[in-house]
Amino acid sequence: MEGFEGASSSSESVLDLSRLNLNNNSLDSLSEKRRKDTKQLYLCYNRMTVLPESISLFSNLEFLDISNNALSVISEDITRLTKLKTLIAKNNRLNDSSLPKDFGSLQLEVLNLSGNRFEEMPSQCLQLLRLQSLSLGGNRLKSIPAEIESLASLELLYLGGNQISSIPAELANLPSLCYLVLCDNRIQSVPPQLNKLHSLRSLSLHNNLLTYLPREILSLVHLQELSLRGNPLVVRFIKDMTYDPPSLLELAGRTVKSKNLAYSHKDLPSHLVNYLDMASKCPNPKCAGVYFDSCVRHIKFVDFCGKYRLPLMHYLCSPECTSPCSSNPQSDADSDEDNSVPADRLQRVLLG
Amino acid sequence: MEHTELVKPESLEDLIQTLHKIFESDRVNVEDVQSIMESYESKPHEWMKYAKFDQYRYTRNLVNEGNGKFNLMILCWGEGHGSSIHDHTDSHCFLKLLQGQLKETLFDWPDRRLQGGMTQKSQRVLLENQCAYINDSIGLHRVENVSHTETAVSLHLYSPPFQTCRTFDQRTGHHNTVRMTFWSQFGERTPYESTVSQENN
């Protein structure tokens, strides 16, 4: 490929070298001027197994698409691209050891690694503090690291099509997150802390293993899209038949807390002080009680976010206790006409 | 009934002209329309100006109003985007893949006597340039882009045009009537007041 300059679009700074059967050496024949002028480089649908060293000579590069090659490694050379904001590397052969050590030093805002072989979210990704959009769809991720919360600028997180079985509560510490995709995974429950995602506009949970959602989800007032198909959501709540009566320890603990008895390390062994500190307040405002390990799962069917009768769950301290919004404890378990969500929580149905 | 001479359309504009001719008559020959749509070979530069994507959900982009006889529109599906289970308000619906792939799952109309959800009848993956057809007597369907790496673009023809349809909750068979809107018309973005999606499923 002597003197090959590639097709350039009307904008001189875009260089489209996709679908050209390029191999690892093909970038070498470009002129220095061409390299310095290029801000967007498309190298998708070629036959590269390694990103060529000469990539580092594209010193003004802002956008790089290397999707649909056979890349198993991204070399250190990429870290010299100090202006790179967008990297798309879908459908390659990248895995946990493919990214260079200092990959986290890039100023990336958009990173798409979908369709690769990652089993863990690479730690280098968690160092990209300017990241706004992260896609790792269609990989082999088994979990989401708690350190995800360090991506303070993240607005879009696409993790569909992995093997994720749980969501860490730390995911809720992303204040700008608008679009969260967790479809096609193995998720059994959604942590109630997700209600802290005040910017969340769209939540994709279809094709997982959810039987209910936490009642706290009702406070996601900006939520407009919610997908839940392909989950074994309960249609009828069978009252929890196996309510284990509280232990003596729990009963003592409940009394200490509800009577506001003072306690400290001077009076009690530390394991008991820790136990008492872990009391959860019963959500029923008429009940000043707490619970430790012994509680009842309570499900109500609520219309939410344009969806009909979602099973929403919260814990109560005992079967006799009532949920915050209803007055009749007996009717809670089979609430058919129940629509106890306050009007300002019900979203208006869209024209669209 | 007159059989319009079916010549393979050379371009999208050509396809639109042929469809106008076909729909001049009052009766629709479903096979003819399906065949002519399928034979148009998708050329992205011809439809790119209509293909406007939304980050959060699939979009409907009006291309042509078919002299009131049909609506022709382009739908853009991001990774993982899918529709609800829906009917077609007594109209014909033709669906052609312009780019990528879409999974179509067919359902029977829910039977109120049978408690519980709707079970799927069949499903298939529609490939680029394939054209599918459905109407209410065939059943209901859900259309999804199940890819986590590729977007999809499809060309839809509805005759007669309709503005509302019913969406169905697979879990319960419960249905809602929803109004359909356009993300863009004739290549121009036409924003709508934005609130909760009517197609959450």
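Every number here is computed from the coordinates shown, using simple stated rules; none is lab data. All values derive from a computational prediction rather than experimental measurement. All Cβ positions, even for glycine, are placed from backbone atoms using ideal geometry, and neighbour counts span all protein chains on display.
Give me a comma-separated list of calculated 3J(HN,Hα) values for region B:68-85, in order, Karplus coefficients 6.51, -1.76, 1.60 applied at θ = phi - 60°, integers in Hz, x for any Gly or Pro.
Listing the rounded values in order: x, 7, 7, 10, 10, 9, 10, 9, 10, 10, x, 4, x, 6, x, 9, 6, 6 Hz.
Cα gyration tensor of region B:51-201, axes a ≥ b ≥ c as square roots of the eigenvalues: rounded (a/c below 1.5), prolate (a/b > b/c) or oblate?
Rounded, since a/c falls under 1.5.
For region A:173-290, divide the Cα radius of gyration by the Kirkwood radius and give the resulting Rg/Rh value with two decimals. Before the final figure, lay out each step's value.
Details: Rg = 19.2 Å, Rh = 17.6 Å.
Ratio of gyration radius to Kirkwood radius: 1.09.
How long are the three semi-axes of the equivalent ellipsoid for the protein assembly as shown, computed from the Cα gyration tensor as the root of 5 times each eigenvalue, in whole Å, largest first?
Over the Cα atoms of the protein assembly as shown, the ellipsoid semi-axes are 47, 36, 17 Å.
Can you spot the lysines whose alpha carbon is less than 19 Å from B:Lys69's alpha carbon? Ignore those fewer than 8 places along the same chain.
B:Lys21, B:Lys96
Taking each residue of A:255-265 in turn, how many C-beta atoms of other protein chains fall within 10 Å of its C-beta, and what is the average?
Values: counts 0, 0, 0, 0, 0, 0, 0, 0, 0, 0, 0.
Across A:255-265, the average partner-chain Cβ count within 10 Å equals 0.
List the lysines whose Cα lies under 24 Å from the Cα of A:Lys266, skipping any in the same chain that are fewer than 8 positions away.
List returned: A:Lys257.
If we count other beta carbons within 10 Å of each Cβ, what is the order of B:Trp183, B:Trp77, B:Trp109, B:Trp47, fewest first? Intermediate values should be presented prior to the final figure.
Details: B:Trp183 23, B:Trp77 27, B:Trp109 15, B:Trp47 19.
Placing the least packed residue first, the sequence is B:Trp109, B:Trp47, B:Trp183, B:Trp77.
Could you work out the per residue convex hull volume over the alpha carbons of region A:90-232, in cubic angstrom? All intermediate terms of the calculation are to be shown ahead of the outcome.
Values: hull volume 12.6 nm³, N = 143.
Each residue corresponds to 88 Å³ of Cα convex hull volume.
For region A:92-152 and region B:14-85, what is the separation of their C-alpha centers, rounded to whole Å?
What the calculation gives is 37 Å, centre to centre.
Under unit Cβ charges (Lys, Arg +1; Asp, Glu -1), what dipole magnitude, rounded to 20 debye, does region B:54-167 have relative to its Cα centre?
200
List the trypsin sites (Lys or Arg not before Pro) within region A:16-60 that fall in a DSSP loop (any state other than H, G, I, E or B) and whose Cβ has at most 14 other Cβ atoms within 10 Å.
Here the sparse-neighbourhood loop sites are A:Arg19, A:Arg47.
Report, ordered by chain and residue number, the lysines lying within cross-link reach of A:Lys33, taken as a straight Cα distance under 22 Å and ignoring same-chain residues fewer than 8 apart.
A:Lys83, A:Lys85
Excluding A:Ser56 itself, calculate the net charge of residues whose Cβ lies under 14 Å from the Cβ of A:Ser56, where each Lys or Arg counts +1 and each Asp or Glu counts -1. Could the numbers behind the result be given before it?
Details: positive: A:Arg35, A:Lys36, A:Arg80, A:Lys83; negative: A:Asp28, A:Glu32, A:Glu53, A:Glu76, A:Asp77, A:Asp102.
So the environment of A:Ser56 carries a net charge of -2.
What trypsin sites (Lys or Arg not before Pro) in region B:20-62 are in a loop by DSSP, with at most 13 other Cβ atoms within 10 Å of the Cβ?
Passing both the DSSP loop test and the Cβ count: B:Arg27.
If I fit a long axis through the Cα atoms of helix A:248-258 and take the longest principal axis of the Cα atoms of chain A, what angle between them do I get, 0 to 90°, rounded to 10?
90
Obtain the nm distance between the two label points defined at A:His222 and A:Asn23 by a simple spin-label model: each point lies 7 Å from its Cα along the Cα-to-C-beta direction.
5.1
How far, in degrees from 0 to 90, does helix B:12-22 lean away from the longest principal axis of the Cα atoms of chain B, to the nearest 10?
For B:12-22 against chain B, the angle is about 90 degrees.
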